[in-house]
Ligand code: ATP
């Protein structure tokens, strides 16, 4: 079972270069988070509140977690992740207690990014939930966000693929009041993501990433990462079999059926 709380220091650093495409999103998220974290005095001087919460929305596997992690690495912030469904506990008060602990830690080790994956599991529309746990946990989350001190030093990033399912109270000013949509990659974006995931692989000269980007309509970043890995594995298998002394990766050799199969397996 996955632990709901993790700190980025145990993770390999993620940099902006590890994210293919999404230039506009990277820029936007930096503008929202980096400036107030580095120069809270500017915001104070202007009399405006730095943002506390950002909502990233888009389908699974498009890089929401990756972005939050890269942001934390790049600005040297501590990183805490909360997995929405994981933190929901049947035991009375346990989920709220865990949330409080995470925010306390984040405050202690600020600047911090608190990333909440699958936010909709924690905070569905209150009128739609029958569960008492959800109601209490949303209330706790809102209280914690309202209570964030150290202006701009803690930013909560929530991710969801169902923004409409969220409790609207979460999207009010002072809470998750910035929203960034992340769309599935188009052809050009897919090529850039493939470049990221094959940059340390010995690609065959005749590999045509443009062509593969064209063939992979409907693939997300996660699908493309899996594709590159699968190509590497297949090159390795081949190498072990015919022992030519040369590992050459040819994504193009993966037949279209396999491409489809891979996609199906990942859906
Ligand atoms: P989920 O909603 O399922 O958590 P997500 O949007 O948070 O999905 P990530 O976990 O960030 O997606 O992405 C999964 C993996 O897919 C990443 O670790 C990375 O390998 C790859 N990936 C996704 N998007 C990109 C991208 N734009 N560039 C490079 N790799 C990407």
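In the set (1) modelled with pLDDT under 90; (2) within 18 Å of residue 58 (Cα to Cα), residue 231 fails one condition alone, (2).
For region 80-92, a tally of residues being within 13 Å of the ligand (Cβ to nearest atom), more than 29 Å from residue 186 (Cα to Cα) and assigned to a strand (DSSP E or B) returns 1.
So, residue 23, is that one farther than 26 Å from residue 138 by Cα, surrounded by fewer than 19 Cβ atoms within 10 Å (Cβ to Cβ) and at pLDDT 95 or above or not? Spell out the reasoning first.
Working: farther than 26 Å from residue 138 by Cα: yes; surrounded by fewer than 19 Cβ atoms within 10 Å (Cβ to Cβ): yes; at pLDDT 95 or above: yes.
Answer is yes for this residue.
Among the candidates 192, 179, the residue that is in contact (Cβ under 8 Å) with a residue 40 or more places away in the chain, within 18 Å of residue 16 (Cα to Cα) and within 16 Å of the ligand (Cβ to nearest atom) is uniquely 192.
Within region 202-219, not a single residue is closer than 22 Å to residue 68 by Cα and near the ligand (Cβ under 9 Å from one of its atoms).
Scanning region 175-187 for residues that are part of a loop (DSSP other than H, G, I, E, B) and touching a helix residue (DSSP H, G or I) at 6+ places or on another chain (Cβ under 7 Å), we see that the one that is nearest to residue 149 (Cα to Cα) is 175. Being in contact with a helix residue (DSSP H, G or I) (Cβ under 8 Å, 6 or more places away or on another chain) and at pLDDT below 90 holds for only one residue in 167, 117, and it is 167. Looking at this structure, is residue 95 assigned to a helix (DSSP H, G or I), touching a residue at least 24 places away in the same chain (Cβ under 8 Å) and away from the ligand (no atom under 16 Å from the Cβ)? Criteria met by residue 95. Residue-level check: of (1) within 26 Å of residue 36 (Cα to Cα); (2) in contact (Cβ under 8 Å) with a residue 40 or more places away in the chain; (3) out of contact with any strand residue (DSSP E or B) (no Cβ under 6 Å at 6 or more places or on another chain), residue 86 misses just (1). Taken over region 75-90, the criterion of being out of contact with any helix residue (DSSP H, G or I) (no Cβ under 6 Å at 6 or more places or on another chain) and surrounded by fewer than 18 Cβ atoms within 10 Å (Cβ to Cβ) is satisfied by 76, 90.
Could you say which residue among 56, 66 is surrounded by 16 or more Cβ atoms within 10 Å (Cβ to Cβ) and either touching a helix residue (DSSP H, G or I) at 6+ places or on another chain (Cβ under 6 Å) or assigned to a loop (DSSP other than H, G, I, E, B) (or both)? Full working, then the answer.
Details: 66 fails: either touching a helix residue (DSSP H, G or I) at 6+ places or on another chain (Cβ under 6 Å) or assigned to a loop (DSSP other than H, G, I, E, B) (or both).
The unique qualifying residue is 56.
Please verify whether residue 8 is within 22 Å of residue 118 (Cβ to Cβ) and modelled with pLDDT of 85 or more, treating the condition exactly as stated. No.
The values are calculated or read from the model by the stated rules, or taken from the named source; none is laboratory data. Quick caveat: nothing in here was measured; it's all calculated off a predicted structure. Cβ sites come from the backbone with ideal geometry, for glycine too, and all protein chains shown count toward neighbours.
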